[in-house]
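Only one structure is covered here, and it is reproduced in the block below.
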Amino acid sequence: MKKVFPILFSIFLSLQLIGQENAINQYTTIKYDNSIAVGIQLHTNGWGGNFQYLVNKNVSNNFILNLDILSLKHPKEIKVLNPVLENAKPYVYGRKYHILLIRPGFGYQYIIADKENPFGIKAKANFVIGGDLALLNPIYLEFIYKNDDGKFYKETEKYDPSNPHHYNQGNIYGGTTYFKGFEDLTAAFGLFAKFSLSFEWNEYEENYKSLEAGFMIDAFPDKLPILAYIENQNIYYNLYLNLSVGKRW
(Lines give C-alpha, C1' and ligand atoms only; values in the text may rest on other atoms or scores of the structure.)
Protein backbone atom coordinates (compact mmCIF):
# COMPACT_ATOMS: atom_id res chain seq x y z
CA MET A 1 0.00 0.00 0.00
CA LYS A 2 2.92 2.35 0.76
CA LYS A 3 4.39 1.74 -2.72
CA VAL A 4 1.18 2.08 -4.72
CA PHE A 5 0.07 5.63 -3.90
CA PRO A 6 3.45 7.36 -4.58
CA ILE A 7 3.38 5.82 -8.07
CA LEU A 8 -0.15 7.09 -8.68
CA PHE A 9 0.83 10.53 -7.40
CA SER A 10 3.63 10.63 -9.99
CA ILE A 11 1.08 9.84 -12.71
CA PHE A 12 -1.09 12.65 -11.38
CA LEU A 13 1.76 15.19 -11.75
CA SER A 14 2.50 13.96 -15.27
CA LEU A 15 -1.12 14.50 -16.29
CA GLN A 16 -0.97 18.10 -15.08
CA LEU A 17 1.89 18.77 -17.48
CA ILE A 18 0.01 17.12 -20.35
CA GLY A 19 -3.10 19.19 -19.66
CA GLN A 20 -1.21 22.48 -19.61
CA GLU A 21 -0.17 22.00 -23.25
CA ASN A 22 -3.75 21.79 -24.53
CA ALA A 23 -4.88 24.68 -26.74
CA ILE A 24 -8.26 26.35 -27.10
CA ASN A 25 -10.29 25.64 -30.22
CA GLN A 26 -13.87 26.39 -31.24
CA TYR A 27 -15.19 23.08 -29.87
CA THR A 28 -13.75 23.38 -26.36
CA THR A 29 -16.10 23.18 -23.37
CA ILE A 30 -14.52 26.12 -21.54
CA LYS A 31 -17.80 28.08 -21.73
CA TYR A 32 -19.43 25.53 -19.40
CA ASP A 33 -18.82 25.72 -15.66
CA ASN A 34 -20.25 22.39 -14.46
CA SER A 35 -21.28 18.96 -15.63
CA ILE A 36 -22.68 15.75 -14.21
CA ALA A 37 -22.31 12.19 -15.48
CA VAL A 38 -24.03 8.94 -14.48
CA GLY A 39 -22.80 5.56 -15.64
CA ILE A 40 -22.64 1.80 -15.33
CA GLN A 41 -19.29 0.36 -14.31
CA LEU A 42 -18.02 -3.16 -14.93
CA HIS A 43 -14.78 -4.30 -13.34
CA THR A 44 -12.76 -7.48 -13.10
CA ASN A 45 -14.44 -8.65 -9.89
CA GLY A 46 -17.85 -7.02 -9.91
CA TRP A 47 -20.04 -4.24 -11.22
CA GLY A 48 -22.05 -1.22 -10.12
CA GLY A 49 -22.74 2.45 -10.76
CA ASN A 50 -20.79 5.68 -10.97
CA PHE A 51 -21.74 9.33 -10.43
CA GLN A 52 -19.48 12.31 -11.13
CA TYR A 53 -19.87 16.04 -10.63
CA LEU A 54 -17.26 18.03 -12.54
CA VAL A 55 -16.22 21.66 -12.17
CA ASN A 56 -14.48 23.25 -15.15
CA LYS A 57 -11.21 24.82 -13.88
CA ASN A 58 -9.76 25.95 -17.23
CA VAL A 59 -9.55 24.87 -20.86
CA SER A 60 -7.44 21.83 -19.97
CA ASN A 61 -8.87 20.26 -16.84
CA ASN A 62 -11.88 19.63 -14.62
CA PHE A 63 -12.11 18.99 -10.90
CA ILE A 64 -14.00 15.73 -10.18
CA LEU A 65 -16.22 14.75 -7.27
CA ASN A 66 -16.75 11.00 -7.65
CA LEU A 67 -19.01 8.36 -6.13
CA ASP A 68 -18.82 4.64 -6.97
CA ILE A 69 -21.17 1.97 -5.61
CA LEU A 70 -19.78 -1.42 -6.61
CA SER A 71 -19.92 -5.08 -5.75
CA LEU A 72 -16.67 -6.94 -5.03
CA LYS A 73 -16.03 -10.66 -5.20
CA HIS A 74 -12.96 -12.77 -4.56
CA PRO A 75 -11.03 -13.55 -7.78
CA LYS A 76 -11.14 -17.30 -7.05
CA GLU A 77 -14.79 -17.74 -6.13
CA ILE A 78 -16.88 -20.08 -8.29
CA LYS A 79 -20.62 -20.75 -8.27
CA VAL A 80 -21.60 -24.38 -7.74
CA LEU A 81 -24.82 -26.39 -7.71
CA ASN A 82 -25.74 -29.45 -5.63
CA PRO A 83 -26.08 -32.15 -8.35
CA VAL A 84 -28.06 -34.52 -6.12
CA LEU A 85 -30.90 -32.28 -5.00
CA GLU A 86 -33.77 -31.44 -7.33
CA ASN A 87 -34.23 -27.71 -8.09
CA ALA A 88 -31.14 -26.84 -6.09
CA LYS A 89 -30.02 -23.18 -6.21
CA PRO A 90 -26.55 -21.94 -7.21
CA TYR A 91 -24.22 -20.56 -4.52
CA VAL A 92 -20.53 -19.90 -3.90
CA TYR A 93 -19.10 -22.58 -1.65
CA GLY A 94 -17.11 -21.10 1.23
CA ARG A 95 -18.25 -17.53 0.69
CA LYS A 96 -18.86 -15.78 4.01
CA TYR A 97 -19.84 -12.26 2.93
CA HIS A 98 -21.28 -10.23 0.09
CA ILE A 99 -19.17 -7.08 -0.30
CA LEU A 100 -20.56 -3.72 -1.38
CA LEU A 101 -18.07 -0.87 -1.88
CA ILE A 102 -19.11 2.75 -1.42
CA ARG A 103 -16.30 4.99 -2.67
CA PRO A 104 -16.53 8.80 -2.40
CA GLY A 105 -13.50 10.56 -3.86
CA PHE A 106 -12.09 13.50 -5.77
CA GLY A 107 -9.62 14.03 -8.58
CA TYR A 108 -8.87 15.73 -11.87
CA GLN A 109 -9.71 15.20 -15.50
CA TYR A 110 -7.25 16.36 -18.16
CA ILE A 111 -8.10 16.91 -21.83
CA ILE A 112 -5.29 15.32 -23.82
CA ALA A 113 -6.91 15.56 -27.28
CA ASP A 114 -9.76 17.96 -27.95
CA LYS A 115 -12.40 17.62 -30.66
CA GLU A 116 -11.43 18.99 -34.05
CA ASN A 117 -14.99 18.93 -35.39
CA PRO A 118 -18.52 18.54 -33.95
CA PHE A 119 -18.54 14.79 -34.64
CA GLY A 120 -15.05 14.20 -33.29
CA ILE A 121 -13.93 12.35 -30.18
CA LYS A 122 -12.43 14.06 -27.15
CA ALA A 123 -9.78 12.06 -25.23
CA LYS A 124 -9.29 12.66 -21.51
CA ALA A 125 -7.16 11.27 -18.71
CA ASN A 126 -8.72 10.87 -15.25
CA PHE A 127 -7.21 10.39 -11.81
CA VAL A 128 -9.36 9.91 -8.67
CA ILE A 129 -8.51 9.03 -5.05
CA GLY A 130 -10.72 8.71 -1.99
CA GLY A 131 -12.10 6.66 0.85
CA ASP A 132 -13.37 3.10 0.69
CA LEU A 133 -16.33 1.89 2.76
CA ALA A 134 -16.81 -1.87 2.42
CA LEU A 135 -20.16 -3.15 3.68
CA LEU A 136 -19.97 -6.83 4.62
CA ASN A 137 -23.28 -8.64 4.39
CA PRO A 138 -23.12 -12.21 5.84
CA ILE A 139 -24.14 -15.07 3.58
CA TYR A 140 -27.27 -17.07 4.38
CA LEU A 141 -27.83 -20.48 2.76
CA GLU A 142 -30.57 -23.10 2.74
CA PHE A 143 -29.49 -26.37 4.37
CA ILE A 144 -31.05 -29.83 4.27
CA TYR A 145 -31.83 -31.62 7.55
CA LYS A 146 -33.50 -34.94 8.39
CA ASN A 147 -36.04 -35.19 11.21
CA ASP A 148 -36.67 -38.18 13.48
CA ASP A 149 -39.20 -39.60 11.00
CA GLY A 150 -36.55 -39.72 8.26
CA LYS A 151 -38.10 -36.85 6.31
CA PHE A 152 -35.97 -34.08 4.88
CA TYR A 153 -36.64 -30.40 5.43
CA LYS A 154 -34.89 -27.07 4.72
CA GLU A 155 -33.60 -24.44 7.10
CA THR A 156 -32.19 -20.99 6.21
CA GLU A 157 -29.11 -20.30 8.30
CA LYS A 158 -26.18 -17.93 8.40
CA TYR A 159 -23.26 -19.75 6.81
CA ASP A 160 -20.70 -20.89 9.39
CA PRO A 161 -17.62 -22.65 7.94
CA SER A 162 -16.78 -24.10 11.36
CA ASN A 163 -20.13 -25.93 11.51
CA PRO A 164 -19.64 -29.57 10.32
CA HIS A 165 -23.13 -29.64 8.80
CA HIS A 166 -22.40 -26.47 6.81
CA TYR A 167 -18.99 -27.76 5.72
CA ASN A 168 -20.57 -30.76 3.94
CA GLN A 169 -21.61 -29.59 0.46
CA GLY A 170 -24.17 -32.39 0.26
CA ASN A 171 -26.20 -30.63 2.94
CA ILE A 172 -26.42 -27.33 1.05
CA TYR A 173 -29.59 -26.77 -0.97
CA GLY A 174 -28.51 -23.37 -2.26
CA GLY A 175 -28.27 -19.63 -1.81
CA THR A 176 -30.81 -17.07 -0.65
CA THR A 177 -31.47 -13.47 -1.70
CA TYR A 178 -28.73 -10.86 -1.62
CA PHE A 179 -30.68 -8.80 0.95
CA LYS A 180 -30.95 -11.60 3.50
CA GLY A 181 -28.71 -10.69 6.43
CA PHE A 182 -28.72 -6.90 6.03
CA GLU A 183 -29.51 -6.60 9.74
CA ASP A 184 -26.05 -8.08 10.46
CA LEU A 185 -24.03 -5.68 8.29
CA THR A 186 -20.49 -4.82 9.37
CA ALA A 187 -18.06 -2.37 7.78
CA ALA A 188 -14.39 -2.01 6.87
CA PHE A 189 -12.64 1.21 5.87
CA GLY A 190 -9.84 1.73 3.37
CA LEU A 191 -8.61 3.83 0.46
CA PHE A 192 -8.99 3.61 -3.30
CA ALA A 193 -7.41 5.14 -6.40
CA LYS A 194 -8.22 4.84 -10.08
CA PHE A 195 -6.57 5.99 -13.27
CA SER A 196 -8.26 5.91 -16.66
CA LEU A 197 -8.57 7.22 -20.18
CA SER A 198 -12.01 8.28 -21.37
CA PHE A 199 -13.41 9.06 -24.80
CA GLU A 200 -16.31 11.45 -25.20
CA TRP A 201 -18.54 11.92 -28.21
CA ASN A 202 -21.70 13.71 -29.27
CA GLU A 203 -22.56 16.42 -31.77
CA TYR A 204 -23.74 18.78 -29.03
CA GLU A 205 -21.49 19.74 -26.12
CA GLU A 206 -24.35 20.15 -23.63
CA ASN A 207 -25.16 16.44 -23.66
CA TYR A 208 -22.51 13.81 -24.17
CA LYS A 209 -21.65 10.13 -23.91
CA SER A 210 -18.40 8.77 -22.57
CA LEU A 211 -16.56 5.45 -22.45
CA GLU A 212 -13.92 5.18 -19.74
CA ALA A 213 -11.33 2.39 -19.37
CA GLY A 214 -8.68 2.07 -16.71
CA PHE A 215 -7.48 0.36 -13.56
CA MET A 216 -8.32 0.83 -9.90
CA ILE A 217 -6.93 -0.19 -6.54
CA ASP A 218 -8.84 -0.83 -3.30
CA ALA A 219 -6.64 -1.12 -0.20
CA PHE A 220 -7.71 -2.04 3.34
CA PRO A 221 -5.67 -2.38 6.56
CA ASP A 222 -6.94 -5.95 7.05
CA LYS A 223 -7.95 -8.71 4.68
CA LEU A 224 -11.62 -8.75 3.70
CA PRO A 225 -13.04 -12.10 4.92
CA ILE A 226 -14.86 -13.02 1.73
CA LEU A 227 -14.00 -16.74 1.46
CA ALA A 228 -13.54 -19.31 4.21
CA TYR A 229 -11.05 -21.80 2.75
CA ILE A 230 -8.93 -19.60 0.44
CA GLU A 231 -6.44 -16.86 1.30
CA ASN A 232 -8.19 -13.50 1.31
CA GLN A 233 -6.70 -10.17 0.25
CA ASN A 234 -6.50 -6.65 1.63
CA ILE A 235 -5.52 -5.08 -1.72
CA TYR A 236 -7.58 -5.57 -4.89
CA TYR A 237 -6.39 -4.57 -8.36
CA ASN A 238 -9.07 -4.38 -11.03
CA LEU A 239 -9.48 -3.28 -14.63
CA TYR A 240 -12.73 -1.51 -15.36
CA LEU A 241 -15.00 -0.05 -18.04
CA ASN A 242 -17.48 2.74 -17.40
CA LEU A 243 -20.17 3.80 -19.87
CA SER A 244 -21.85 7.07 -18.91
CA VAL A 245 -24.08 9.89 -20.12
CA GLY A 246 -23.52 13.48 -19.05
CA LYS A 247 -24.86 17.00 -19.20
CA ARG A 248 -23.06 20.38 -19.04
CA TRP A 249 -24.34 23.77 -18.02
Next item on the list: Describe numerically, in nm with one decimal, the distance between label points set 7 Å from Cα along Cα→Cβ at LEU133 and at LYS223.
Entry: 2.7 nm
Checklist line | Cα→Cβ-extended label distance, 7 Å offset, between PHE106 and ASP148, nm | finding: 6.7 nm
Next item on the list: Taking only protein heavy atoms into account and a 1.4 Å probe, give the accessible area per residue of the chain in Å².
Entry: 54 Å²
Next item on the list: Let me know the charge dipole size of region 93-249 about its Cα centre in debye, to the nearest 20, where only the beta-carbon of Lys, Arg (+1) and Asp, Glu (-1) is charged.
Entry: 140 debye
Next item on the list: Mind jotting down a quarter of the surface of the convex hull over the alpha carbons of region 171-247, in square nanometres, one decimal?
Entry: 8.7 nm²
Notebook entry, point to check: Expressed as a whole percent, how much of the Cα-Cα distance distribution for the chain exceeds 31 Å?
Noted result: 39 percent
Notebook entry, point to check: Which whole-number percent is the relative contact order of region 131-249 (Cα, under 8 Å, 6+ apart)?
Noted result: 23 percent
Note to self: Using just the Cα positions, wrap region 61-195 in a convex hull and report its mean projected area in square nanometres, one decimal place.
What the structure shows: 12.6 nm²
Next item on the list: State, as an integer percentage, the relative contact order of the chain based on alpha-carbon contacts under 8 Å between residues 6 or more apart.
Entry: 21 percent
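Would you mind calculating the gained length between LYS57 and ILE69 on full extension (0.36 nm times residue separation, minus the Cα-Cα distance), in nm to one decimal? Before the final figure, lay out the partial values.
Details: separation 12, 0.36 × 12 = 4.32 nm, distance 2.63 nm.
Stretched fully, the LYS57-ILE69 segment lengthens by 1.7 nm.
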Next item on the list: Give me the angle, in degrees from 0 to 90, between the Cα long axis of helix 4-20 and the longest principal axis of the Cα atoms of the chain, rounded to the nearest 10.
Entry: 30 degrees
Notebook entry, point to check: Across region 85-101, in residue order, what do the Karplus-derived ³J(HN,Hα) couplings come to in whole Hz, using 6.51 cos²θ - 1.76 cosθ + 1.60 with θ = phi - 60° and x for Gly and Pro?
Noted result: 8, 6, 6, 4, 9, x, 7, 9, 5, x, 6, 9, 9, 7, 10, 10, 9
Next item on the list: Could you list the residues of region 49-79 with an amide nitrogen less than 11 Å from a label point located 7 Å from the Cα of VAL38 in the Cα-to-C-beta direction?
Entry: 50-52
Notebook entry, point to check: Under a 5 Å amide H to amide H cut-off, with H placed in plane at 1.01 Å, what residues pair with LEU227 once short-range neighbours are removed?
Noted result: LYS96
Margin query: Considering only C-alpha atoms, what is the centroid distance from region 151-179 to region 99-149, in Å?
Written below: 30 Å
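The values are calculated or read from the model by the stated rules, or taken from the named source; none is laboratory data. Since we're looking at a predicted model, the values are computed, not measured. Backbone-built Cβ (ideal geometry, glycine too); neighbour counts: all protein chains shown. Note: areas computed on protein heavy atoms with side chains; ligands, DNA, RNA excluded. Shrake-Rupley method; radii C 1.70, N 1.55, O 1.52, S 1.80 Å.
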